[in-house]
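Okay, structure first, notes after.
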Amino acid sequence: MPRKIEVTSVLNKTKKRDSWFLDDYTVNLYSSCSFNCLYCYIRGSKYGTNLEESLSIKSNAIEVLDRQLFRRAKKNEYGIVVLSSATDPYLQLEKTYELTREALKLIANYKFPVHIITKSDLIERDFDLLHQIDKTAIHSNDLKDRLHNRGTIISFSFSTLDDTVANIFEKGATKPSVRLKTLKNTVRENFHTGVSLMPLLPFISDTTEHLHLLFSTFKKSNVKYILPATITLFGNGKADSKTLVLNAIRKHFPELENRYLNYFKNGSQMPDFYKKAFAAKMKELCNEYEVSNRI
Ligand code: SF4
């Protein structure tokens, strides 16, 4: 049974809209995340080694969100609401608690645009509300034309298309093969759909072969954009992402251990030469497959 917590705020106004995700607001209805990705940036001592064990439901979130959206709408402060930035909006728990569904009803009612970021197939349950938002949302003036007045953006996160690799690094999430089917259904429903490759796994899913598989698969699926990023790993504690990913590399990819140790021994980021080559390669692939690298 997950814990229940009460919150005073659930609609977080971002200081500055991120150019990748276009977030004016973020909403996280659950605290922690049962998808349990080893590379997850929320990891650390606060949530422990198994993120599922620290999962909590924000029991008064819908009531609080209602008040906060009402105030923002009254002041005409429309902007894109991102679900979610520090959990997945479609965890297994959502089937029972329906917090995301209830939040979408409010978002539709107050006419805010929405950007869903997910690894789950459960999003299909809410296509009705997402269509309503898509048609009726009010955009801030600076985004109206860029988004052609579309109120719903849907990004599916992938770090690999290989179900076996995903079972190591993102064990609790919907399998990539199932996620891909949902992505195709989302495109078929004519939603503005794209992919966030965040993060690609060095020497595992960023190999030339796998990159072409990723780009050709998503191109064939008719996505509008692909947002790729390198991996960032934090901390040396037992619940930290760097420790957990390095442990997984040691166990499942021992031939890569020295390379990972070498790159991450003094910091959280891949070295500059890698990041530069990565950015050039992604630009080249986006051009080759004629896919935008921005929403
Ligand atoms: S789905 Fe996102 S928030 Fe959840 S564990 Fe994975 S990376 Fe973290």
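Annotations for the structure displayed:
- For the range 224-272 versus the range 4-72, the gap between their alpha-carbon centres in whole angstrom: 24 Å
- Candidate aspartates and glutamates - alpha carbon under 19 Å from K281, same-chain residues fewer than 8 apart omitted: D206, E209, D272, E290
- Excluding same-chain neighbours fewer than eight residues apart, the lysines reachable from K119 by a Cα-Cα span under 17 Å are K95, K171, K175, K181, K184.
- R71 - accessible surface, heavy atoms, 1.4 Å probe, Å² rounded to 10: 130 Å²
- The range 1-86: C-alpha gyration tensor shape, a/c 1.5 cut-off, then a/b vs b/c: oblate
- Per-residue ³J(HN,Hα) for the range 242-256, Karplus 6.51 cos²θ - 1.76 cosθ + 1.60, θ = phi - 60°, Hz, x for Gly and Pro: 5, 4, 5, 5, 4, 4, 5, 5, 4, 7, 9, 9, x, 5, 9
- Å² per residue, accessible surface of the chain at 1.4 Å: 46 Å²
- Solvent-accessible area, 1.4 Å probe, carbon plus sulfur percent, for the range 102-234: 49 percent
- Degrees, to the nearest 10: 99-110 long Cα axis against longest axis of the chain: 50 degrees
- Order of exposure, largest accessible area first, which applies to D145, D24 with probe 1.4 Å: D145, D24
- Angle between the chain longest axis and helix 61-74 axis [Cα atoms, degrees, rounded to 10]: 60 degrees
- Cysteines in the chain that lack a partner Cβ within the 4.7 Å cut-off: C33, C286.
- With helices as the sole contributors, the chain gives -11500 deg cm²/dmol at 222 nm; each DSSP H run of n ≥ 4 counts as -39500 (n - 2.57), and the sum is divided by every residue.
- Heavy atoms of I80: accessible area, 1.4 Å probe, square angstrom to 10: 0 Å²
- Charged side chains reduced to their Cβ positions (Lys and Arg at +1, Asp and Glu at -1) give the range 54-168 a dipole of some 660 debye around its Cα centre.
The values are calculated or read from the model by the stated rules, or taken from the named source; none is laboratory data. Model, not experiment: these values are computed from the prediction. Glycine gets a Cβ as well: all are built from the backbone with ideal geometry, and neighbour counts include every protein chain shown. These accessible areas exclude ligands, DNA and RNA; they are computed on the full protein's heavy atoms, side chains included. Shrake-Rupley method; radii C 1.70, N 1.55, O 1.52, S 1.80 Å.
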